[in-house]
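Contents: one structure, followed by commentary.
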Amino acid sequence: MAVATESLLLEEISDLKRERGALILAHNYQRDEVQDLADYVGDSLGLSRRAAAADADVIVFCGVHFMAETAAVLAPDRTVLLPDLEAGCSLAASITAEQLRAWKAEHPGAVVVSYVNTSAEVKAESDYCCTSSNAVRVVEQIPADREILFCPDFFLGSHVERVTGRKLHVWLGECHVHAAIHGAELERQLRSHPGAELLVHPECGCTTAALEAAGRGELGPATVVTSTEGMVRHAAASPADTFIVATEVGVMHRMRQLAPAKNFLAANPDAICPYMKTITLEKVRDSLRDLKHRITVPEPVATRARAAIERMVEISA
Ligand code: 13P
Ligand code: SF4
């Protein structure tokens, strides 16, 4: 985009934002220019917290649909806007409330833990919600004798099983972006950059391979499996100077801002979430100007989903 056009758009957004009393939240995978205009950029947990604490009348959610729904559940008296309704999520689409009800019927009495990447209807059928930054903690506080259904991400579920040592029933869902970051590609990167630290999102198909390689001592100084925000913080704080980043490439924008002298290499440069990238500056401007697209969650789904999300937020406090 031409510089003049971009600065004009940014001016329009700033005026509309003031007029509307709006707060702009953006996920770490958003386009660089969208991250740069947001009041807060973060991971799913951080964004949920910000939405819950918001005193703005309008929240423009630069992320995907399930995230805006979570904000609408936590801040029901605010106007939550998603700039593009096409911003979906292949992982959230991998389980419906009907499928979850059928799964629960096969395991009566089981505790249901749903990843935040689910629809509000699926959250409403769940006992706990979790994000990549607290999934282990959520599972750890469930009594050991209880059966647990974990959905929808298979790789995150396997990671939680590995860390907690607990056997879970794990749904076979996956994110097509993270599943494509696999062991073979990662091994090639690691061979080319010996000594680099590896930052892995637990949704990745390579998580198991990476941890096994780390266990065999084949990786560099550290392998960290964490949320996008955990990766950003680790990259800024670590004394290492080179990092291989195994998640959607958008997260490297903040890493480069916070640690400009360090090297950040994508484990798979094609790991680009098409849903996250649908949000553009034009769409943010239109969203503020026309108050679209308002995301609401009907009752009783909202109250039931809120209970699952609030249980998670209490555990992570
Ligand atoms: P984080 O919560 O780690 O940011 O991950 C969310 C996610 O997967 C969005 O795609
Ligand atoms: Fe969904 Fe994957 Fe995109 Fe995250 S990266 S929003 S999990 S499709």
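Only the coordinates and a few stated rules stand behind these numbers; no lab work does. Predicted, not measured: the structure shown is a model, and the values here were computed from it. Reconstructed Cβ throughout: ideal geometry from the backbone, glycine too, with neighbour counts over all protein chains shown.
A compact table of results
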{"quantity": "Set of lysines near Lys283 by C-alpha distance (under 18 Å), chain-local residues within fewer than 8 positions excluded", "calculated": "Lys17, Lys292"}
{"quantity": "Residues Val58, Val224, Val297, sorted so that the one with the fewest Cβ neighbours within 10 Å comes first", "calculated": "Val224, Val58, Val297"}
{"quantity": "Placed amide H near Asp153: partners under 5 Å, 5+ positions off or other chain", "calculated": "Tyr115"}
{"quantity": "Compactness relative to 2.2 N^0.38 Å, alpha carbon Rg of the range 66-161", "calculated": "1.12"}
{"quantity": "Residues His182, His201, sorted so that the one with the fewest Cβ neighbours within 10 Å comes first", "calculated": "His182, His201"}
{"quantity": "Under 5 Å, built H, 5+ apart or other chain: amide partners of Ala180", "calculated": "Gly205"}
{"quantity": "For the range 110-246, alpha-carbon Rg over 2.2 N^0.38 Å", "calculated": "1.09"}
{"quantity": "Nonlocal amide H pairs with Val225, under 5 Å, H built at 1.01 Å", "calculated": "Val200"}
{"quantity": "Calculated over the range 1-152: convex hull of Cα atoms, volume per residue (Å³)", "calculated": "111 Å³"}
{"quantity": "Within the chain, percent of DSSP bridges classed antiparallel, to nearest 5", "calculated": "5 percent"}
{"quantity": "Within a Gaussian network of the chain (alpha carbon springs, distance under 10 Å), most fluctuating of Thr164, Thr303, Thr242", "calculated": "Thr164"}
{"quantity": "For the range 197-205, 3J(HN,Hα) per residue [Karplus equation, 6.51 cos²θ - 1.76 cosθ + 1.60, θ = phi - 60°, Hz, x = Gly/Pro]", "calculated": "7, 10, 10, 10, 7, x, 6, 6, x"}
{"quantity": "Convex hull per residue volume in Å³, alpha carbons only, for the range 8-78", "calculated": "75 Å³"}
{"quantity": "Within the chain, helix-based [θ] at 222 nm, where runs of 4 or more DSSP H residues each add -39,500 (n - 2.57), nearest 500", "calculated": "-13000 deg cm²/dmol"}
{"quantity": "Exposed trypsin sites (Lys or Arg not before Pro) absent - longest run of the chain, DSSP non-H/G/I/E/B, at most 14 other C-beta within 10 Å", "calculated": "1-145"}
{"quantity": "Mean separation of Cα contacts under 8 Å, 6 or more apart, over the residue count of the chain: relative contact order %", "calculated": "23 percent"}
{"quantity": "The range 160-317 shape via C-alpha gyration tensor axes, a/c threshold 1.5", "calculated": "oblate"}
{"quantity": "Packing-based exposure ordering (other Cβ within 10 Å, fewest first) of Val122, Val139", "calculated": "Val139, Val122"}
{"quantity": "Value of Rg/Rh across the range 50-101 [Cα atoms, Kirkwood radius]", "calculated": "1.04"}
{"quantity": "For q = 0.07 Å⁻¹, Debye-computed log10 I/I(0) when each Cα of the chain counts as one equal scatterer", "calculated": "-0.27"}
